[in-house]
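The values are calculated or read from the model by the stated rules, or taken from the named source; none is laboratory data. Bear in mind that the values here come from a model prediction, so they are computed numbers and not experimental data. Ideal geometry is used to build each Cβ from the backbone, glycine not excepted, and the neighbour counts take in all protein chains shown.
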Amino acid sequence: MKHSDKKMDTIIAYAKRKGFVFPSSEIYDGFAGAYDYGPLGVELANAIKRHWWKDVVLKKHNVYGLDAAIVMNPKVWVASGHVGGFSDPLADCRVCQSRIRVDKELEKLGVSADEKMSEEEINRLFDENRDKITCASCGSQDFTSARPINLLVQSNMGDFSTDGSSPVYLRGETAQGIYVNFKNVVDTVNPKIPFGIAQTGKAFRNEISPRQFLFRTREFEQMEMQYFTKPGEDKDAYEVWKQDRWDSFVSMGINPENLRWNQHDNLVFYAADAWDIEYQYPDYGFDEVEGLHMRTNYDLTQHSEHSGKDLSFNDNGDKFIPHVVEASIGVGRAFLAVLSEAYDEEEIAEGDTRVVLHFAPHIAPIQVAVLPLMKKDGLAEGAQEIFAGLAGNFRTTYDESGSVGKRYRRQDEVGTPFCITFDYDSKEDDTVTVRERDSMKQERVAVSELQNYLQEKI
Ligand code: GAP
């Protein structure tokens, strides 16, 4: 099917039906801004994270991994500027008290606006366009002025005061865990500059209107890398990382026609440049899946000043605060892009349509399905032996219920690239049939060659 014919509602319903994504706490009517990954979803999300880790950490000689705690000393968020300035501009409807995100309403009108604008600037644009903005709940145009509402989520972890006066914050981005460990990594790894530190992990934001399924949630997972360079060398590194990250989407199976670059018009005061990789989501259109930012030396300078610790880098006697190139991607948005890209309703014969997910084999939640032609005559045992030999090396499943044709379709529906059938000939000549998902072509492969065959294809 054409990408433009895909419908997000169909994909969301499919994701639930097949066990990719469930609404959070569904038996209690759900919980806004959170989703749960089901049996297939967790495999897909893990495959996406592994792909990222491989591209960003394992394939680079100078990027080091980290896994920092979600909850940190609250001074971290004061120093980073999140306590003072990490907010969205909201206005209340005076009639029904619904809230709107003013920058998003302006964007819908084609007015360039975002959450980084000053309160004065966003209110000037809001006032110029009030007559075109109506409350979605009651139709009124009577709104308060826009005011910033902080996005940090508070927790009482370790706060035993009676009035909750010493809250901590669930991290609003994973990046700060990297900055506060900068000195630890330098002191232990002794890296040469430039070098990077990367981590994946949960982040939390009090989004006023979580929406568009996994696209904007209050709890989400980020994959972030901060690359530290000498002052003046960040621009070149930035261009290299931009290309690298684009290529990583393509090698995850995303058609470059559904990707584009978007440069930010409005930069936060410390950023020197910011570009997003946008994916063309069905129905939602092009929107940010990854942000690449030149963050200058702002964060390390702030943490140096607030902590009193020297966070400069000593390059053979030349001391400076490194500049930072950041690559930041949300697992949920990448997941939604990969799923949307893979989803297909394909007419394979007159009146015969199959749903098939064209995942790249290294991303597919199940990579190999082993099927006995029949359960009897020792075929199930033979197939189970094949399964046992493959399961440690590939994400493998075993299925013996229903006709082989139906089982092929079931595997197509969850995007399994290879089905292996153990039949009567297999007992005689130690070969199996391997059926490829997209072409539906079948070939005989010797059991002794199976591992190598699959390794090469996957
Ligand atoms: N450290 C930089 C940073 O956090 P960001 O542009 O706010 O920058 C980076 O977020 C990425 O995190 C986005 O490109 C997006 O993929 C993901 N992301 C941000 N907010 C999100 C949300 N509410 N729900 C899902 N993903 C989100």
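The table for this structure:
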{"quantity": "In the range 23-79, the residues that are in a helix (DSSP H, G or I), farther than 30 Å from THR301 by Cβ and small (Gly, Ala, Ser)", "calculated": "GLY41, ALA45, ALA47"}
{"quantity": "Test: residue in the range 223-239 that is within 20 Å of ASN150 (Cα to Cα), surrounded by 14 or more Cβ atoms within 10 Å (Cβ to Cβ) and within 10 Å of the ligand (Cβ to nearest atom)", "calculated": "no"}
{"quantity": "When residues of the range 181-199 are limited to those that are in contact with a Ser or Thr (Cβ under 8 Å, 6 or more places away or on another chain) and in a loop (DSSP other than H, G, I, E, B), the one farthest from the ligand (Cβ to nearest atom)", "calculated": "ILE193"}
{"quantity": "Of residues in the range 202-212 being within 10 Å of the ligand (Cβ to nearest atom) and hydrophobic (A, V, I, L, M, F, W, C), the one nearest to PHE182 (Cα to Cα)", "calculated": "ALA203"}
{"quantity": "Which listed residue, of LEU292, LEU336, is within 12 Å of the ligand (Cβ to nearest atom) and over 30 Å from ASN73 (Cβ atoms)", "calculated": "LEU336"}
{"quantity": "Residues being within 14 Å of the ligand (Cβ to nearest atom), in contact with a Gly (Cβ under 9 Å, 6 or more places away or on another chain) and part of a strand (DSSP E or B) - total across the range 151-179", "calculated": "1"}
{"quantity": "Of all residues in the range 323-333 being more than 9 Å from the ligand (Cβ to nearest atom) and among the β-branched types (Val, Ile, Thr), the one that is nearest to TRP52 (Cα to Cα)", "calculated": "VAL325"}
{"quantity": "Residue in the range 301-311 that is among the hydroxyl-bearing types (Ser, Thr, Tyr), crowded, with 20+ Cβ neighbours inside 10 Å and out of contact with any Asp or Glu (no Cβ under 9 Å at 6 or more places or on another chain) present", "calculated": "no"}
{"quantity": "The listed residue being at pLDDT 95 or above, within 16 Å of the ligand (Cβ to nearest atom) and among the hydroxyl-bearing types (Ser, Thr, Tyr), out of TYR343, TYR281, TYR270", "calculated": "TYR281"}
{"quantity": "Pairs where the first residue, in the range 164-186, is on the phi > 0 side of the Ramachandran plot and the second is more than 16 Å from the ligand (Cβ to nearest atom) and at pLDDT below 95, C-beta under 7 Å, 6+ apart", "calculated": "GLY164/ASN156"}
{"quantity": "Residue match in the range 379-387 (condition: farther than 30 Å from LYS75 by Cβ and within 16 Å of the ligand (Cβ to nearest atom))", "calculated": "no"}
{"quantity": "Yes/no for THR421 being within 18 Å of SER401 (Cα to Cα), of a type outside the set (Gly, Ala, Ser) and outside any loop (DSSP other than H, G, I, E, B)", "calculated": "yes"}
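Let's see how each residue does on (1) within 18 Å of TRP53 (Cβ to Cβ); (2) surrounded by fewer than 22 Cβ atoms within 10 Å (Cβ to Cβ); (3) not β-branched (Val, Ile, Thr):
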{"position": "GLY164", "(1), (2), (3)": "no, yes, yes"}
{"position": "VAL168", "(1), (2), (3)": "no, yes, no"}
{"position": "GLY172", "(1), (2), (3)": "no, yes, yes"}
{"position": "ALA175", "(1), (2), (3)": "yes, no, yes"}
{"position": "ASP187", "(1), (2), (3)": "no, yes, yes"}
{"position": "PRO194", "(1), (2), (3)": "no, yes, yes"}
